[in-house]
Amino acid sequence: MGEQLIRGLGVSPGVACAPWLRFGSQLATSPLDPVGGSVDEELARVKAALGGVADEMQARAGRVSGVAAEILSMSATMARDPGIVAATEKQLADGMPTAHAVHLAFEGFCDKLEALGGYMAERATDLRDIGGRTVAVLLGEPMPGIPEPGYPFILVARDLAPADTAMLGDSDVVGLLTTEGGPTSHTAILAKSLGLPAVVNCPDTDRLVEDAPVLLDGSTGDVVIDPSPLRQKAAVEQAAADAARLAAASGPGHTADGTPVQLLVNIGTVDDAEKAGPVDSEGVGLFRTEFMYLGKATAPSLDEQIASYTTVLEQFAGRKVVVRTLDAGSDKPLPFLDLGTEENPALGVRGLRIGTVFPDTLATQLTALARAGEATGAELWVMAPMVATADEAAGFAALARESGLRKVGAMIEIPAAALRASDLLTHLDFVSIGTNDLSQYTCAVDRMAGGLAHLLDPWQPAVLDLIAMVGAAGAAAGKPVGVCGEAASDPTLAPVLVGLGVTSLSMSVPALPAVRAALSAVDIEKCRDAADVACAARNPQLAREAVAAIVGRA
Ligand code: PEP
Ligand code: MG
């Protein structure tokens with residue numbers, strides 16, 4: 001048959017070449033399956049199956065940490081929801097066979113979640129996964145999920161439920177290939193944090209050839225089906241050369257001519273901080289504090305927050321830590337902040353706007369941060385998410401300074417804030433660009449929408465133009481401009497961002513070496529040239545090609 005090239009979206013860099021296996025698919029159920037015992041007997045079986053699935057999720061949560069553990073705990077909670085049992089009972093009473101009754105009950109809830117869109121629609125994947133597991137238990141069949149062949153393989157799936165991505169770290173998976181999913185999907189973010197090469201949004205995986213290996217490039221999104229021995233050899237050599245090149249660079253980030261570019265890490269929990277502390281970085285560029293409280297029904301107390309922030313700051317003694325105040329709402333709802341129902345939560349009360357509805361929550365957090373800062377003597381910087389106007393920036397800066405915080409900034413993730421960055425900077429010490437939301441709001445695309453991934457691309461010239469405005473405003477004010485969205489982990493984009501005036505880049509830990517190496521290979525003049533050609537290009541593809549022609553492929 002020979003080699004064939006198919007394409008997807010590269011979301012986690014690196015090259016993997018291995019046999020491929022499909023993710024264990026869900027079992028089909030039918031209303032025509034034989035009906036079991038009485039409604040009560042079958043309901044008891046369903047409750048036992050759901051309890052078993054919940055226990056299994058909880059046990060897996062105990063074996064992993066950080067975001068993965070939180071996702072699994074949330075899945076366990078969903079499996080214990082009495083609403084599922086009630087909906088199944090209704091289906092059983094209507095005469096449905098047991099496994100199909102469970103399937104229908106879960107689908108009913110999934111439909112409702114999908115109708116809500118955004119974050120809620122994403123939860124349907126988790127719920128469907130729990131339903132599939134429960135059905136497998138009831139039918140006595142093997143669990144759907146990640147295969148365990150005992151040799152390294154590339155996992156191919158439609159998309160992965162968070163409960164499954166959470167187990168990737170413990171598996172034989174060396175690369176990921178999915179037909180759906182976007183650059184900010186769970187699959188993409190977890191793959192990146194595990195350093196697993198991943199290509200998502202690749203519609204042609206049905207062309208994969210049984211028993212033939214696959215070569216995927218998580219930077220370019222290229223997938224070669226049945227690669228020739230020559231290409232496989234070249235890929236192995238390339239991977240070894242890349243590893244050697246990455247290992248050669250260490251220490252503070254800089255361009256070839258010595259222009260400093262701080263290289264920082266993104267964290268979301270105390271556990272992340274403990275893992276990232278020993279890593280060769282200049283500190284933390286984004287601490288997503290809301291990640292510690294996802295799924296919590298009660299607000300964290302002042303003391304609880306002081307304790308968490310103190311532990312985090314201690315891990316980075318002598319280094320900078322940029323803490324973001326709670327960015328709740330929209331795709332990250334916090335149960336203890338009840339915002340009611342909004343038609344368009346991504347355009348509603350989220351980020352700093354929460355502070356107007358729950359001022360005490362913001363005040364408590366700022367006080368806790370100031371106390372933790374005093375206790376540790378850390379280089380603590382604090383910034384607000386989703387700031388739209390200079391007045392909001394001024395209001396936040398005043399509150400933070402009254403609380404005793406000294407370095408105060410804002411995220412630039414709304415086009416309005418980028419356009420008026422110099423006004424914002426008159427009140428602030430620094431800004432940090434959140435390219436995930438900036439892309440979402442610039443091109444008016446839901447960041448969870450895999451099918452529209454090309455419009456969420458930070459290489460979109462309009463997004464680059466906005467970053468350029470922020471960079472210029474920072475340079476004019478003599479104040480730092482960071483990037484802490486996923487764009488900061490793209491080694492080819494790094495010189496462009498620096499050329500646009502960005503002074504620090506913050507990313508997941510595994511992304512650091514490639515970005516450090518890419519920067520150390522270009523001088524600042526080349527970075528500026530790369531920025532010019534990227535902004536002059538008509539679309540992301542042309543921008544990438546024009547930049548590669550100047551700086552080479554990272
Ligand atoms: C961003 O929007 O780029 C960002 C860093 O914030 P988050 O992904 O947490 O919304
Ligand atoms: Mg954001």
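The values are calculated or read from the model by the stated rules, or taken from the named source; none is laboratory data. Treat the numbers as computed from the prediction; the structure is a model and nothing was measured. Note that we place each Cβ from the backbone using ideal geometry, even for glycine, and neighbour counts take in every protein chain shown. Accessible surface areas use protein heavy atoms only, side chains included; no ligands, DNA or RNA. Shrake-Rupley method; radii C 1.70, N 1.55, O 1.52, S 1.80 Å.
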| field | Candidates Leu456, Leu452, Leu542 - the one that is of a type outside the set (Gly, Ala, Ser), within 20 Å of Ala198 (Cα to Cα) and surrounded by fewer than 22 Cβ atoms within 10 Å (Cβ to Cβ) | value | Leu452
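The rows are residues; the columns are (1) open to solvent by 80 Å² or more (accessible area, probe 1.4 Å); (2) in contact with a helix residue (DSSP H, G or I) (Cβ under 9 Å, 6 or more places away or on another chain); (3) part of a loop (DSSP other than H, G, I, E, B); (4) not assigned by TED's automatic domain parsing to the domain that holds Val156.
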residue	(1), (2), (3), (4)
Glu210	yes, no, yes, no
Gln238	yes, no, no, yes
Ala244	no, no, no, yes
Ala256	no, yes, yes, yes
| Since Gly318 meets every condition but one in (1) part of a strand (DSSP E or B); (2) loosely packed, with under 15 Cβ neighbours inside 10 Å, which condition does it not meet? | (1)
| note | Of the residues in the range 420-447, those that are outside any loop (DSSP other than H, G, I, E, B) and within 12 Å of ligand 2 (Cβ to nearest atom) come to Ser432, Ile433, Thr435, Asn436, Asp437, Leu438, Ser439, Gln440, Tyr441
| request: Go through the residues of the range 310-333 one by one and say whether even a single one is within 16 Å of ligand 1 (Cβ to nearest atom), at pLDDT below 90 and more than 21 Å from Cys484 (Cβ to Cβ). | output: yes
| said: With crowded, with 23+ Cβ neighbours inside 10 Å, under 18 Å from Leu369 (Cα atoms) and within 14 Å of ligand 2 (Cβ to nearest atom) as the only criterion, which of Ala400, Ala417, Ala384 stands out? | reply: Ala384
| field | Residues of the range 353-381 that turn out to be open to solvent by 40 Å² or more (accessible area, probe 1.4 Å) and more than 16 Å from ligand 1 (Cβ to nearest atom), as a count | value | 14
| request: Name every residue in the range 18-60 that is open to solvent by less than 50 Å² (accessible area, probe 1.4 Å) and touching a Pro at 6+ places or on another chain (Cβ under 8 Å), in order of residue number. | output: Ala18, Trp20, Leu21, Phe23, Gly24, Thr29, Ser30, Gly36
| task | Assess whether Leu263 counts as being in a strand (DSSP E or B) and either modelled with pLDDT under 95 or within 24 Å of Arg516 (Cα to Cα) (or both). | result | yes
| Count - residues of the range 459-485 that are within 14 Å of Ile412 (Cα to Cα) and either at pLDDT below 95 or acidic (Asp, Glu) (or both) | 2
| request: May I ask you to say which residue of Val312, Val349 is within 23 Å of Lys275 (Cβ to Cβ), within 25 Å of the chain's Cα centre (by Cα) and in the same structural domain as Val431 (by TED's automatic domain parsing)? | output: Val312
| remark: Matching residues in the range 475-493 (near ligand 1 (Cβ under 9 Å from one of its atoms) and open to solvent by less than 10 Å² (accessible area, probe 1.4 Å)) number 5
| query | If you check every pair at least six apart or on different chains, which have Cβ atoms under 6 Å apart with a residue in the range 384-399 that is assigned to a loop (DSSP other than H, G, I, E, B) first and a residue that is among the small types (Gly, Ala, Ser) and buried (at least 19 other Cβ atoms within 10 Å of the Cβ) second? | reply | Pro385/Gly351; Met386/Gly351; Val387/Ala393; Val387/Ala410; Val387/Ala417; Ala388/Ala417
| task | Could you list all residues from the range 277-303 that are assigned to a helix (DSSP H, G or I) and away from ligand 1 (no atom under 16 Å from the Cβ)? | result | Leu302, Asp303
| Failed condition for Thr298, given (1) under 17 Å from Gly351 (Cα atoms); (2) open to solvent by 10 Å² or more (accessible area, probe 1.4 Å), with all others met? | (1)
| task | Considering only the range 403-414, state which residues are within 13 Å of ligand 2 (Cβ to nearest atom) and open to solvent by 10 Å² or more (accessible area, probe 1.4 Å). | result | Ile414
| request: Using the structure shown, decide if Thr220 is polar (S, T, N, Q) and open to solvent by less than 40 Å² (accessible area, probe 1.4 Å). | output: no
| remark: Note on the range 71-104: residues open to solvent by 50 Å² or more (accessible area, probe 1.4 Å), touching a residue at least 40 places away in the same chain (Cβ under 8 Å) and within 19 Å of Ala124 (Cβ to Cβ) are Met74, Thr77, His103
